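Notes for the one structure printed next.
Read-outs throughout are calculated quantities, based only on the coordinates presented, and are distinct from any laboratory measurement. Keep in mind that what you see is a predicted model, and the values were worked out from it rather than measured. Cβ atoms come from the backbone with ideal geometry, glycine included; neighbour counts cover every protein chain shown.
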Amino acid sequence: MLVTRVETVRSPCRSFCWILVHTDTGLVGLGETYGRADAAEPVIHEFARNRLLGQDPRDIEKIWWSMYHRASFHGLMGAELRAMSGIDLALWDLFAKSLEQPLYRVLGGRTRDQVPVYFSGIYDAVETTKQAFQDRSKECVDKGWKACKTARFFGDFYPDRGQTEFGRSTGYISATDVDEGRRRFEWVREAVGNQLEVGLDLHAAFDVPSAIRIGEAVRDLNPYFIEEPIQPHNFAALKEVREGAGVPIAAGERIFSRWGFKEILELNAADILNPDLAWTGGLSEVKKIAAYAETHYLPVAPHNYGPLTCMALTHLMAVLPNTRHLEFTDDHYPKWNQYIDEPIAAVEGMLDVPERPGLGRELSPAMLELERKEVEGE
């Protein structure tokens with residue numbers, strides 16, 4: 001089996017870039033990356049010309065390392081890693097299809113029959129009132145959700161909110177705003193108690209003292225985790241937050257490759273890792289990051305923001321023993337399901353593991369009719 005052609009397709013919103021890897025057997029592997037796809041797409045084409053065409057796509061590790069050596073000139077972040085991630089996913093899809101097996105089978109087989117997910121953005125669409133927060137909490141518990149994540153408790157007080165794109169971010173949060181954020185958390189606990197695990201996403205908006213202040217304020221409310229309390233690239237500072245706040249810290253959405261996670265694990269700077277498969281180096285890399293986390297007895301709860309990425313992570317989390325909840329943006333998937341040929345739906349906070357060969361999903365006919373950019377062999 002050899003790669004004969006590579007195509008990219010952009011979603012109508014332009015945020016998603018899908019990769020179609022064609023072979024001389026007629027099989028096609030499907031990959032995905034997202035966010036600033038304008039930068040990633042030309043790199044995908046460069047890698048396709050120089051690292052993919054004419055290769056056996058089942059040599060996934062060889063191709064990954066070939067791309068890595070090229071990408072490492074520019075650091076393991078940005079467009080190069082996102083391009084690698086999408087291509088790597090397409091190769092795994094293709095490999096599983098070549099064996100006529102669902103992806104989880106070629107990754108090692110299942111350790112669980114369903115994958116637990118948390119409701120990301122649970123309060124995004126409701127008013128910031130006690131009644132609205134409590135009604136939403138009860139509704140979700142009644143539907144079977146066991147865990148969620150929100151930015152609404154402290155998101156209104158991000159230091160750069162309301163400023164221009166080039167506005168100065170101080171990283172500071174006042175005691176008054178901390179009290180208001182805590183009050184919102186209290187409303188949820190009053191409504192549903194500990195029936196919902198509640199993660200707080202701080203979107204890397206705060207400095208170390210403010211992040212510690214937030215953690216101290218909500219510690220007794222038993223948050224599931226605080227995600228990205230500060231910018232994540234100074235791991236000693238992240239460790240300072242973890243130790244000072246006294247609550248579990250989730251980190252990894254903005255950390256790329258196993259080398260990016262090496263220090264965070266060795267410094268004990270986080271409690272839960274949330275790598276993004278479409279950014280950090282693909283399925284190959286998340287599997288290795290999770291294995292390294294397992295040696296530290298730490299769980300992974302991946303960041304997830306795309307339909308094909310969601311399918312890949314469902315397969316992977318069915319295999320890995322040290323996984324928690326997969327992020328699942330329940331309000332977005334009805335819109336994103338238009339991109340694929342079979343919808344994704346969480347039922348009582350769980351996703352079924354697909355049994356179709358490969359990822360278990362293809363692009364919808366409407367997406368396949370969109371304009372494609374193609375790289376062909378000579």
Among ASP276, ASP142, ASP177, determine the one that fluctuates most according to a GNM of the chain built with springs between C-alpha atoms less than 10 Å apart.
ASP142
For the chain, modelled as a Gaussian network with Cα springs under 10 Å, which listed residue fluctuates most, ASN50, ASN274, ASN322?
ASN50
5 Å is the cut-off here: which amide hydrogens, built 1.01 Å from N in the peptide plane, fall below it relative to LEU351, excluding neighbours closer than 5 in sequence?
VAL115, VAL117
Taking the DSSP beta bridges in region 105-352 as the whole, what percent of them are antiparallel, to the nearest 5?
15 percent
If each residue of separation counts as 0.36 nm, what is the full-extension length gain between ASP220 and GLU369 once their alpha-carbon separation is subtracted?
48.3 nm
Using Cα pairs closer than 8 Å and at least 6 residues apart in sequence, work out the relative contact order for region 105-352, in percent.
22 percent
Once you list every other residue whose beta carbon is under 14 Å from the beta carbon of GLY360, what net charge do they have if Lys and Arg are +1 and Asp and Glu are -1?
-3
May I ask you to compute the full-extension gain from GLU294 to GLN55, defined as 0.36 nm times their residue separation minus their alpha-carbon distance, rounded to one decimal in nm?
82.8 nm
Starting from one equal scatterer on each C-alpha and no solvent at all, send me the Debye-based log10 I(q)/I(0) for region 105-352 at q = 0.07 Å⁻¹, two decimals.
-0.23
Kyte-Doolittle cut-off -1.0, length cut-off 24 Å along the helix's own axis using Cα: show which whole DSSP H helices in the chain pass.
78-98
